[in-house]
1. Can you report the number of residues in region 135-191 which are in contact with a Leu (Cβ under 7 Å, 6 or more places away or on another chain) and farther than 13 Å from Asp85 by Cα?
2. So which of Lys27, Lys10, Lys32 is of a type outside the set (Phe, Trp, Tyr) and touching a residue at least 60 places away in the same chain (Cβ under 8 Å)?
3. If a residue has to be outside any helix (DSSP H, G or I) and either touching a Gly at 6+ places or on another chain (Cβ under 6 Å) or open to solvent by 100 Å² or more (accessible area, probe 1.4 Å) (or both) to count, how many in region 1-28 make the cut?
4. Cβ-Cβ under 9 Å, sequence separation 6+ or interchain: first residue in region 75-94 and closer than 19 Å to Val157 by Cα, partner among the acidic types (Asp, Glu). Which pairs?
5. Looking only at region 29-42, count every residue that is assigned to a loop (DSSP other than H, G, I, E, B), within 18 Å of the chain's Cα centre (by Cα) and either loosely packed, with under 12 Cβ neighbours inside 10 Å or among the small types (Gly, Ala, Ser) (or both) and tell me the total.
6. I need the full set of residues from region 77-117 which are within 19 Å of Glu61 (Cα to Cα), part of a loop (DSSP other than H, G, I, E, B) and not aliphatic (A, V, I, L, M), in order please.
7. Select from region 124-139 the residues that are of a type outside the set (Val, Ile, Thr) and open to solvent by less than 50 Å² (accessible area, probe 1.4 Å) and list them in ascending order.
8. Give region 72-87 a look and list any residue that's out of contact with any strand residue (DSSP E or B) (no Cβ under 6 Å at 6 or more places or on another chain) and surrounded by 14 or more Cβ atoms within 10 Å (Cβ to Cβ), or say none.
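The values are calculated or read from the model by the stated rules, or taken from the named source; none is laboratory data. Everything numeric in this text was worked out from a predicted model, so none of it was measured. Virtual Cβ from ideal backbone geometry, glycine too; neighbours counted across all protein chains shown. Calculation scope for accessible area: heavy atoms of the full protein, side chains included, ligands and nucleic acids excluded. Shrake-Rupley method; radii C 1.70, N 1.55, O 1.52, S 1.80 Å.
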Amino acid sequence: CDVELDADPKGLQIGEADRDVLIDLYKRYEFKTWLGELLESGNVAESDDAGISAPADIKYETVLTDKALKSWIDKLKKAELFAFDTETSSLNYMQAEVVGVSFAVKPGEAAYVPLTHDYMDAPEQLDRDKVLKLLKPILESKQPRIIGQHIKYDMNVLARYGIEIKAVAFDTMLESYVLNSTASRHDMDSL
């Protein structure tokens, strides 16, 4: 209480973040997740050091209704190629339960379907069996083709639900390994 300060309490309140300084710091220290969140929050396309641009028009959606799911299923059916991933309860595919699924049809346009999230104030979610039943014909068809990150894991997990993914176009983890087998990591954050 007796320390002389060069600011009053009002001057110590948190103000607006300096986006340009934060972008530089996040790039310098490779805080890729925070950089992505910052760029998304401003809905501004920025280039990172690798020359990859974030899309200016980002449409990420959490699918919680039958209507929204039907819309995304229609998009997936029309796509030539889409990215697909599962969110699971375990890294062990023999024990993992599907907690949610995500897909993207083009850069900046993606959806996440939570299925069995269980936390305080979790939204009401679609029935897992119903969603997987609706996705099964798409995942088992020869078109559209699917891109995944370590898709073999997703294939093994989904096989336990009676789904056999048939049209894998790319596995980004496998491609990373082929490109640079001596790299220590091939996870999404590293890529």
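1. Result for region 135-191: 7.
2. Lys32
3. Of the residues in region 1-28, 9 are outside any helix (DSSP H, G or I) and either touching a Gly at 6+ places or on another chain (Cβ under 6 Å) or open to solvent by 100 Å² or more (accessible area, probe 1.4 Å) (or both).
4. Correct list of pairs: Phe84/Asp154; Asp85/Asp154; Thr86/Asp154; Thr88/Glu97; Thr88/Asp154; Ser89/Glu97; Ser90/Glu97; Tyr93/Asp154.
5. Selection size over region 29-42: 0.
6. Once the filter is applied, which keeps residues that are within 19 Å of Glu61 (Cα to Cα), part of a loop (DSSP other than H, G, I, E, B) and not aliphatic (A, V, I, L, M), region 77-117 yields Pro107, Gly108, Thr116, His117.
7. Matches in region 124-139: Gln125, Leu126, Leu132, Leu135, Leu139.
8. Residue satisfying the conditions is Ile73 alone.
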